[in-house]
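In what follows, a single structure is set out as structure tokens and then discussed.
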Amino acid sequence: MMPRMSPKTAVRQWRAHLETDIDRMRGFPKLRRQFHEACGYMLNLEDPKTFSEKLQWRKVYDRNPLFPVLLDKVRMPEWARSVLPASDHRYLPEFLQIADDASQIDFAALPADLALKCNHASGWNIFLRDGEAFDEDQVRRHLNRWLARKYGKTSKLHETGYLGIPPRIGVQQLLLDRDGSIADDVRFHVFGDQFAFGHIASIDRAFGRRVTYFDADFQTLPVKSDRPVHESPKAKPIGFEEMLRIACSLGRHLDYVRVDFLSAEDRFFLNEMTLYHTSGLSPLIPRTFEYHLGDMWQLPQRGPRSWSGTRRL
């Protein structure tokens with residue numbers, strides 16, 4: 001049985017969904033206003049040119065049936081296993097437990113340093129560190145509140161690809177560096193099988209996430225966003241070329257995808273596949289780079305799908 005949300009939360013979600021449907025029927029005025037506030041120019045959904053505009057187009061028009069599979073943190077590795085050669089399967093994420101309800105999680109059977117991830121959302125995760133006390137009941141309640149909710153259907157996000165995901169919890173071992181810090185996120189943006197750029201994100205206790213953008217040789221690009229950059233250059237991750245190759249291999253099935261890896265010391269594994277990078281509301285600077293990426297992205301035709309979910313090659 002799926003966890004049930006409180007009446008107050010149910011009303012709040014119903015209202016958010018209604019506002020989202022009204023925004024769509026009215027031509028997305030709220031989304032357009034939020035885009036203008038975030039990006040500094042008017043959104044053109046009819047003829048999008050920039051990377052951020054095309055992300056909005058995908059959000060509101062693209063109903064690729066593969067999207068809920070790729071966004072699902074539990075099902076995505078199964079799909080990747082079906083399209084990658086067996087030699088690459090060692091780089092796929094593994095789950096210690098998968099639960100339909102937080103009450104099913106057996107903490108006594110789990111090691112220390114855990115990531116508990118709701119598979120049907122972005123950012124609905126709990127990290128449990130060795131030596132840090134936690135209340136099991138409180139963690140279960142928090143996870144079940146997330147499981148009972150739908151993600152992505154708001155007038156800001158419009159990320160409908162998440163709506164078809166059966167909610168579950170995936171439990172994974174945290175990937176850590178030798179000093180105990182959480183692994184870096186190494187992310188590759190690809191259009192089809194064509195690598196465009198990447199960024200590496202690290203957690204900084206003082207500033208949150210720091211981000212540096214890189215090219216295919218891991219050379220720093222003169223690109224910024226609303227995140228602070230690293231204070232000193234990051235070392236090229238071990239296995240960088242393998243990550244790049246796998247990202248391009250997975251990317252060939254889509255017109256655009258961000259392929260995310262976790263990397264620590266000499267280890268890495270595929271973490272997620274992201275279809276709505278920052279929901280298209282954190283523009284890249286300079287804007288000429290946004291236009292360059294927009295030129296690389298060939299959007300599909302609007303209308304009924306004539307394909308099963310993967311990109312025709």
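Here is how the numbers come out for the structure above:
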{"read-out": "For region 52-119, radius of gyration divided by Kirkwood radius, i.e. Rg to Rh on alpha-carbons", "value": "1.08"}
{"read-out": "Estimated [θ] at 222 nm from DSSP helical runs (n ≥ 4, -39500 (n - 2.57)) normalised by residues in the chain, nearest 500", "value": "-8500 deg cm²/dmol"}
{"read-out": "Under 13 Å from the Cα of LYS153 - aspartates and glutamates, other chains or at least 8 residues apart", "value": "GLU19, ASP21, ASP23"}
{"read-out": "Dipole magnitude of the chain, debye to nearest 20 (Cβ charges: Lys/Arg +1, Asp/Glu -1, about Cα centre)", "value": "1440"}
{"read-out": "Helical segments meeting 30 Å axial Cα length and Kyte-Doolittle 1.0 threshold in the chain (DSSP H)", "value": "none"}
{"read-out": "P(r), alpha carbons of region 135-212 - 10 Å bins starting at zero, rounded %", "value": "13, 23, 44, 18, 1"}
{"read-out": "With every protein chain in place, region 156-231: carbon and sulfur % of accessible area (1.4 Å)", "value": "46"}
{"read-out": "Mean Cα-pair separation over length for the chain, i.e. relative contact order, pairs under 8 Å, 6 or more apart, %", "value": "23"}
{"read-out": "Over region 188-277, equivalent-ellipsoid semi-axes from the Cα gyration tensor in Å", "value": "21, 15, 12"}
{"read-out": "Centroid-to-centroid separation of region 48-79 and region 181-249 [C-alpha atoms, Å]", "value": "21"}
{"read-out": "Full-stretch length increase - ILE22, LEU221 - with 0.36 nm per residue and alpha-carbon distance subtracted", "value": "67.6 nm"}
{"read-out": "Filter on LYS54/LYS236; LYS54/LYS117; LYS73/LYS150; LYS117/LYS156 - keep pairs with C-alpha separation over 19 Å", "value": "LYS54/LYS236; LYS54/LYS117; LYS117/LYS156"}
{"read-out": "Where trypsin sites (Lys or Arg not before Pro) fall in DSSP loop in region 180-222, at most 10 other Cβ within 10 Å", "value": "ARG205"}
{"read-out": "Isotropically averaged projected area of region 1-91, using the convex hull of Cα atoms (one quarter of hull area), nm²", "value": "9.8"}
{"read-out": "Binned Cα-Cα distance frequencies in the chain - 10 Å width, integer %", "value": "5, 25, 34, 27, 8, 0"}
{"read-out": "Per residue solvent-accessible surface (Å²) - region 238-278, probe of 1.4 Å", "value": "29"}
{"read-out": "Debye equation applied to the C-alpha atoms of region 73-229, log10 I(q)/I(0) at 0.19 Å⁻¹", "value": "-1.47"}
{"read-out": "Modelled FRET efficiency - R0 22 Å, VAL11 with LEU163, Cβ distances, 0.05 increments", "value": "0.70"}
{"read-out": "Positive-end residue of TYR41, LEU66, ALA86, charge dipole of region 37-89 with Cβ unit charges", "value": "ALA86"}
{"read-out": "GLN298-ILE98 pseudo-label distance in nm [points 7 Å out on the Cα-to-Cβ vector]", "value": "3.5"}
{"read-out": "Positive-end residue, the chain charge dipole about Cα centroid, Cβ charges, pick of HIS189, HIS230, THR212", "value": "HIS189"}
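The values are calculated or read from the model by the stated rules, or taken from the named source; none is laboratory data. No experiment lies behind these values; they were computed from the predicted model shown. Because the Cβ atoms are built from the backbone with ideal geometry, glycine has one as well, and the counts that use them run over all protein chains shown. Ligands, DNA and RNA are stripped out before the accessible areas are found, and what is left, the full protein with its side chains, is counted by its heavy atoms. Shrake-Rupley method; radii C 1.70, N 1.55, O 1.52, S 1.80 Å.
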